[in-house]
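Taking it in order: structure first as structure tokens, then the write-up.
The values are calculated or read from the model by the stated rules, or taken from the named source; none is laboratory data. Note that the coordinates shown come from a computational prediction; the quantities given were computed from them, not determined experimentally. Glycine gets a Cβ as well: all are built from the backbone with ideal geometry, and neighbour counts include every protein chain shown.
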Protein chains: 4
Amino acid sequence: MVISEHDVPVRAGRPRDPACDAAILQATLDLFAEHGYSGVSMDGVAARAGVGKATIYRRYSSKAELVVEAVRCGAQLEDRLPDTGDLRADLISMMRPLLDRLRGDDAKAMVMFAVERLREPELAEEFDRSVIGKKREHIRHLVRSAIERGDLPADSDADLIAEAPGAFLWHHAIYNLPMDDALLGRIVDLVLPRPT
Amino acid sequence: MVISEHDVPVRAGRPRDPACDAAILQATLDLFAEHGYSGVSMDGVAARAGVGKATIYRRYSSKAELVVEAVRCGAQLEDRLPDTGDLRADLISMMRPLLDRLRGDDAKAMVMFAVERLREPELAEEFDRSVIGKKREHIRHLVRSAIERGDLPADSDADLIAEAPGAFLWHHAIYNLPMDDALLGRIVDLVLPRPT
Amino acid sequence: MVISEHDVPVRAGRPRDPACDAAILQATLDLFAEHGYSGVSMDGVAARAGVGKATIYRRYSSKAELVVEAVRCGAQLEDRLPDTGDLRADLISMMRPLLDRLRGDDAKAMVMFAVERLREPELAEEFDRSVIGKKREHIRHLVRSAIERGDLPADSDADLIAEAPGAFLWHHAIYNLPMDDALLGRIVDLVLPRPT
Amino acid sequence: MVISEHDVPVRAGRPRDPACDAAILQATLDLFAEHGYSGVSMDGVAARAGVGKATIYRRYSSKAELVVEAVRCGAQLEDRLPDTGDLRADLISMMRPLLDRLRGDDAKAMVMFAVERLREPELAEEFDRSVIGKKREHIRHLVRSAIERGDLPADSDADLIAEAPGAFLWHHAIYNLPMDDALLGRIVDLVLPRPT
DNA sequence: ACATAAGCGAGACGGTACGTCTCGTCTTCTG
DNA sequence: CAGAAGACGAGACGTACCGTCTCGCTTATGT
């Protein structure tokens with residue numbers, strides 16, 4: 001029996017040092033958190049990571065790409081998709097992790113990531129498909145289920161409701177509007193009919 | 001006899017050349033639309049406008065300020081702030097120009113501006129103060145008036161309603177969701193109680 | 001009467017700062033003398049001269065060009081061309097300044113200059129015509145005069161004798177052979193018949 | 001039983017590949033002739049020779065050493081050192097190969113090598129020790145022998161005569177002076193007393 | 001009427017970051 | 001173990017840009 005040798009192409013030469021990967025990303029995240037995007041300099045990252053500049057450019061072809069990747073990796077964007085039958089609760093529990101991140105230390109990083117998403121079409125597609133898309137589709141599914149159950153009027157605008165969580169949370173994050181815990185409730189109150 | 005010394009301060013010496021103002025802003029807008037914020041360079045603007053750099057810095061104290069002003073002026077963001085007493089109509093009429101621009105040829109520039117706003121903290125403050133702030137405040141005023149008139153329940157979330165137009169429109173623009181004329185109606189339908 | 005305004009083209013803009021010219025050349029010479037060609041770095045020159053790198057590159061398009069020019073200017077290559085009727089004395093007095101320079105602190109710089117001469121054909125022509133050429137031609141003239149006077153045999157190889165001073169001195173300098181005062185006498189003794 | 005451990009040290013393991021030696025030197029010479037010393041890069045040599053960089057550094061400890069060796073081997077600078085008892089003939093026969101090379105296709109490489117020798121101190125030492133030194137010393141030996149034989153006056157300047165061939169030939173090559181066959185005779189005629 | 005204050009085009013200046021390149025070493029895998 | 005491939009730390013190179021600063025000239029005002 002032959003093991004498929006195409007899966008890992010067995011690259012010749014010395015393999016990339018994983019410790020460098022980590023050091024670079026960590027240094028980038030640190031500098032980014034401390035001084036913002038323009039405060040990240042390649043020489044700075046290299047120095048802080050104890051790494052040559054070439055070692056960075058071997059992995060990322062530009063500062064923008066480096067920062068995006070650092071943030072993406074640093075902020076593990078994987079969420080659960082709940083479906084309990086209680087639309088309000090499901091929506092709130094889906095919004096919660098995003099709210100937390102947009103409120104925490106990673107906020108800048110998150111926003112930065114959203115920014116680069118727009119500058120790199122490929123990144124956008126990948127991101128939308130794998131992260132945003134699923135959540136949006138799941139919310140649409142939840143809303144339609146609620147309509148079928150009779151919890152929501154038949155003429156509810158499922159599509160627009162599905163956009164509301166992302167739209168409001170990002171909007172608040174971007175414009176530095178208050179991001180307290182009550183916000184989630186206010187959002188569902190606004191876009192869903194009050195339960196009688 | 002009264003000398004109006006406040007209106008136009010009657011500066012001595014040669015007055016600023018209005019043609020320069022126009023040339024500078026136009027060159028800035030062109031470069032911004034073509035290459036984004038970082039593609040705008042002061043030397044580039046000066047060259048394209050046929051103007052010395054000092055002439056630019058005499059008007060704007062930094063690149064961020066210049067770009068903000070250029071986009072603001074170029075996109076005519078000084079919209080009318082209607083107050084007819086019909087909240088639905090007022091909201092729709094306030095959203096219309098933004099929708100049109102986000103749909104039109106300037107869409108790219110608008111989105112890029114929003115993007116760059118996030119990359120450069122200096123840009124963000126400028127933008128928020130001069131562009132966003134007034135509209136948001138006006139919508140809040142409209143909603144509160146509607147509540148006072150009894151057109152809206154007393155417990156309506158005026159603040160959140162005021163965010164809805166911007167939040168949804170930008171969200172749709174950024175994620176390439178449909179931007180048809182019906183969108184405006186759907187938004188107000190979602191966040192305002194249906195008129196009985 | 002109209003002064004011809006074409007002579008000095010009245011360049012627009014701020015004129016180059018002569019203090020920078022001086023500072024740059026001096027810093028270059030210093031570093032070159034201390035650490036050799038590879039010890040000259042553009043950042044180092046800039047720092048030592050208290051000048052931005054752009055200010056250097058505005059004047060010299062590369063490190064090589066900068067160093068050549070620094071050496072050329074620093075080592076004022078203008079010599080007298082004596083003609084006393086005493087060939088031995090004339091030759092020695094023509095060799096003396098070159099010997100001194102090749103022996104002194106500028107030695108490295110001189111050699112360096114000779115090197116760059118070979119790398120840049122244009123520089124070579126200019127140099128040969130204005131500096132080397134004249135001296136070589138003058139020596140040929142002196143030798144021919146000596147032959148006419150009968151101080152030298154009629155079949156003397158004037159051309160080769162004219163090369164001897166340069167050939168030997170540079171050879172000694174390049175190969176770190178002794179450059180004492182006696183050398184000049186030894187050279188003329190070798191290539192000129194001993195006076196009886 | 002005696003094991004000859006001195007002649008070929010009988011190294012354990014795989015022996016060095018002679019094909020690598022050749023490929024490395026050839027690639028180095030090619031690059032050197034085409035782009036000069038600074039145009040030779042270790043990565044470039046490795047790529048062109050189809051060889052790993054370690055394979056080069058196992059043979060030569062630095063770029064300077066590699067280039068020196070390449071030029072020395074390529075130009076076959078290990079000339080014979082004749083000693084026939086006829087000083088004129090010996091000198092001419094020692095100059096001949098250098099003249100030929102300085103006239104031939106390798107002229108550029110030779111001159112460039114001499115040039116680069118001066119730019120990189122490391123190069124200079126290598127070159128002088130291994131190439132120049134031996135020949136100079138041999139000529140000195142020949143001249144002293146001629147003096148002992150009485151073919152040359154006792155007060156002849158052996159050291160300076162020993163420099164003449166190199167000094168004049170390189171001087172002519174560098175300054176594009178005529179390099180015809182007669183040159184060799186003219187040089188010995190100038191620095192050696194005519195045979196009566 | 002003419003000095004003076006300011007605007008203007010051009011471009012030099014100090015500083016800083018970028019992205020590329022090379023050197024000489026180190027690390028892996030294959031023959 | 002040699003060799004091919006190539007990653008690694010260090011650091012110089014030459015470019016681009018920012019925001020400031022001179023130049024020499026032009027244009028209004030105000031006395």
Between a residue in the stretch D:99-118 that is outside any helix (DSSP H, G or I) and any residue that is modelled with pLDDT of 70 or more, which pairs come within a Cβ distance under 8 Å, given they are 6 or more apart or on different chains?
D:Asp106/D:Ala33; D:Asp106/D:Gly74
Could you tell me whether any residue of the stretch A:66-85 is at pLDDT 90 or above, away from DNA strand F (no atom under 15 Å from the Cβ), under 30 Å from A:Arg144 (Cα atoms) and assigned to a loop (DSSP other than H, G, I, E, B)?
yes
Members of the stretch A:162-186 that are more than 20 Å from the chain's Cα centre (by Cα) and within 7 Å of chain B (Cβ to nearest Cβ)
A:Arg186
Can you tell me which of (1) at positive phi; (2) at pLDDT 90 or above; (3) of a type in the set (S, T, N, Q) is the one D:Ser41 doesn't meet?
(1)
Take the conditions within 14 Å of chain B (Cβ to nearest Cβ), among the small types (Gly, Ala, Ser), part of a helix (DSSP H, G or I) and away from DNA strand E (no atom under 12 Å from the Cβ) and apply them to A:Ala22. Does it pass?
no
Restricting attention to the stretch C:33-56, and to residues there that are in a loop (DSSP other than H, G, I, E, B) and touching a residue at least 24 places away in the same chain (Cβ under 8 Å), which single residue is nearest to DNA strand E (Cβ to nearest atom)?
C:Val51
